1. Looking only at strands (runs of 3 or more DSSP E) that fall completely inside the stretch 384-463, which ones have 3 or more residues that are open to solvent by 50 Å² or more (accessible area, probe 1.4 Å)?
2. So residue 527 clears everything in (1) at pLDDT 85 or above; (2) surrounded by 13 or more Cβ atoms within 10 Å (Cβ to Cβ); (3) closer than 30 Å to residue 168 by Cβ except one condition, right? Which one?
3. Please go through the stretch 464-497 and give me each residue that is of a type in the set (Lys, Arg) and either farther than 21 Å from residue 187 by Cβ or part of a helix (DSSP H, G or I) (or both), ordered by number.
4. What residue, among those in the stretch 269-327 that are within 27 Å of residue 357 (Cα to Cα), acidic (Asp, Glu) and open to solvent by 10 Å² or more (accessible area, probe 1.4 Å), is modelled with the highest pLDDT?
5. For the stretch 357-367, name all the residues that are open to solvent by less than 10 Å² (accessible area, probe 1.4 Å) and polar (S, T, N, Q).
6. When you scan the stretch 352-364, do you find a residue that is in contact (Cβ under 8 Å) with a residue 40 or more places away in the chain, farther than 20 Å from residue 297 by Cβ and either among the acidic types (Asp, Glu) or assigned to a loop (DSSP other than H, G, I, E, B) (or both), even just one?
7. May I ask you to list the residues in the stretch 199-235 that are within 22 Å of residue 169 (Cα to Cα), open to solvent by less than 60 Å² (accessible area, probe 1.4 Å) and at pLDDT below 85?
Amino acid sequence: MSLPAWLCRHGGIDESLLAQALAEEYGLPFASVIQPLVPSAAPWNSIPASAWQEHRVIILRLEGGYLQVAVDNPFNEKGLVWLREASGCELELTVATASAVEAALGEVYLYIQERDKGIRATKSSKHDELHALVATPHLTIRDPRFSPGGDEPMIKLVETLISDAIARRASDIHLEPMAGAFRVRNRIDGEMVTIESRPRELHGPVISRVKILAQLSIAEKRIPQDGRIRWRRGDSVVDLRVSCLPTSRGESIVMRILDGGSARLTLEDLGMNADDRERWQRLYAKGEGMILVTGPTGSGKTTTLYSVLNVLNQTRRKIVTVEDPVEYEFSGINQVAVHAQTGMTFARALRALLRQAPNVVMVGEIRDGETAGIAAHAALTGHLVLSTLHTNDACGAITRLLDLGVKPLLISASLRGVLAQRLVRRVCPGCSQWRTATARERTILSQPGGAESLAVAQGTGCPRCRGTGFHGRVGLFELLVIDDDLRVLLSNPEAQTAFRNAWKAKGGRSLREDGLCKVRMGLTTLDEVESVVTAESPGRN
């Protein structure tokens, strides 16, 4: 990494201002957008891609024996001497931003990689089009953060993979190298679905294109990398969080699709019943105390917290969030991203933002005792603190806080409520049909005094659900509200069993019981409920 790139990434310096300052200092022109001349002609066509990446010099044009080149580091003497000797031409310098140089290097690297491989034609028409890319003498530079569109076949291929996944309502896209193939899978309604397998030789170019869009280093293939793509299609914008992981067969990429529409869902949209919804709303309406949402990864915890922030987001309140990373951007809310490399941890950010006099604080996740202690003390001083924990059920949140070192008296004084949740697939409303329940289903679903005959819903498959019988997901919820009676038991860490029994006696409904209720309502199936909650789990009947 060049010094300007390092200063921008780790020193908090605006790269455009830095590049302009360097250009002014050395009396050189400045360019915010650059278009590389791909090294397709002698004497540069034999230079390997790694050399361009090492020396970080971009050729813009050749005029009258002079090469106009772009650099992000005007005192890159090693790179300039190398290019002057390789080309036999005098150089005219232009200063560009580090990200513009990195993007241009990515285009050059991709071109050389494909040229050297000499991609052969296959039966796939998409694969045939790659030859046009190899023969293209100039590639147009686009801002990789905001312009995914383009005419080149490789750009079209990546664009198609992303657009199709969004159309299928996928939550993430998996690009995986297999033995002799390149597999594309989507996660739809929580289930992995294989979309297609493509020729293995397409893996490298596709991965390189995605890494360019996410502003990742295409030369680095030995360590994991994380990036982000802002995908514009017409008037809509979709953010994609990109994770690149080296595997034994090559790099695997997962793009998580962050659709801003899901952040605006209400609890009614998520499937919470009216009684629980009323009690949940009363919890955060008090404006103080700590409220937790628990569940495994992918259970919708962040979406639930965002639904609360949507209600609380008013000009009379100051709301600050600490997230890793910031998934959805909200107007009127101050959002802070955790960055462990620079020391910006949850605990440090939480301690700092409390000096900003917020009314509402959302902590993306409580991972350690320090963060848990600061959050609990903040709840005692009049703040409304919202956060998440990884526990199996609502009562398990108390045990988790104790394990993190939070004192029982501090928990009983600060904690107002816990919401545990899971997501299950919803029976497709377009093809849902009622059928007679099996003997096993009647045994599990029948309530005391209920009818002997019982009907359950089942999707038969239609174009809307693509033949799966499911469309969308619905939440299962377990709400624990801490009242005065439970608070007395909560202060005694030895009374956890008594606490759970007292909550059940007050009408507490477990995740499994909520799931069985939704099966009776025809929203989901018994198999779906049993795939996420079991009868043997603690606190569930």
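The values are calculated or read from the model by the stated rules, or taken from the named source; none is laboratory data. Only a predicted model underlies this, so the values are computations on that prediction, with no experimental measurement involved. Neighbour counts are summed over all protein chains in view; Cβ atoms, including those assigned to glycine, are modelled from backbone coordinates with ideal geometry. Keep in mind that these areas ignore ligands, DNA and RNA; they rest on the heavy atoms of the full protein, side chains included. Shrake-Rupley method; radii C 1.70, N 1.55, O 1.52, S 1.80 Å.
1. In the stretch 384-463, the matching strands (runs of 3 or more DSSP E) lie at 432-436.
2. (2)
3. Going through the stretch 464-497, the residues of a type in the set (Lys, Arg) turn out to be 464, 466, 473, 487.
The answer is 487, and nothing else.
4. Filtering the stretch 269-327 down to residues within 27 Å of residue 357 (Cα to Cα) leaves 280-294, 301-327.
Checking the rest, the ones that are also acidic (Asp, Glu) come to 288, 323-324, 327.
Imposing the further condition that a residue be open to solvent by 10 Å² or more (accessible area, probe 1.4 Å) reduces the set to 288, 324, 327.
Details: 288: 91, 324: 84, 327: 78.
The qualifying residue modelled with the highest pLDDT is 288.
5. None; the set is empty.
6. So the first thing to find is which residues in the stretch 352-364 are in contact (Cβ under 8 Å) with a residue 40 or more places away in the chain, and the list is 358-364.
The next check asks that each one be farther than 20 Å from residue 297 by Cβ; those that pass are 358-361.
The next check asks that each one be either among the acidic types (Asp, Glu) or assigned to a loop (DSSP other than H, G, I, E, B) (or both); those that pass are 358-359.
Scanning the stretch 352-364, I find at least one residue that is in contact (Cβ under 8 Å) with a residue 40 or more places away in the chain, farther than 20 Å from residue 297 by Cβ and either among the acidic types (Asp, Glu) or assigned to a loop (DSSP other than H, G, I, E, B) (or both), so the answer is yes.
7. Answer for the stretch 199-235, where residues must be within 22 Å of residue 169 (Cα to Cα), open to solvent by less than 60 Å² (accessible area, probe 1.4 Å) and at pLDDT below 85: just 231.
Yes or no, residue by residue, for (1) surrounded by fewer than 14 Cβ atoms within 10 Å (Cβ to Cβ); (2) within 26 Å of the chain's Cα centre (by Cα):
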| position | (1), (2) |
| --- | --- |
| 343 | yes, yes |
| 346 | no, yes |
| 355 | yes, no |
| 382 | yes, no |
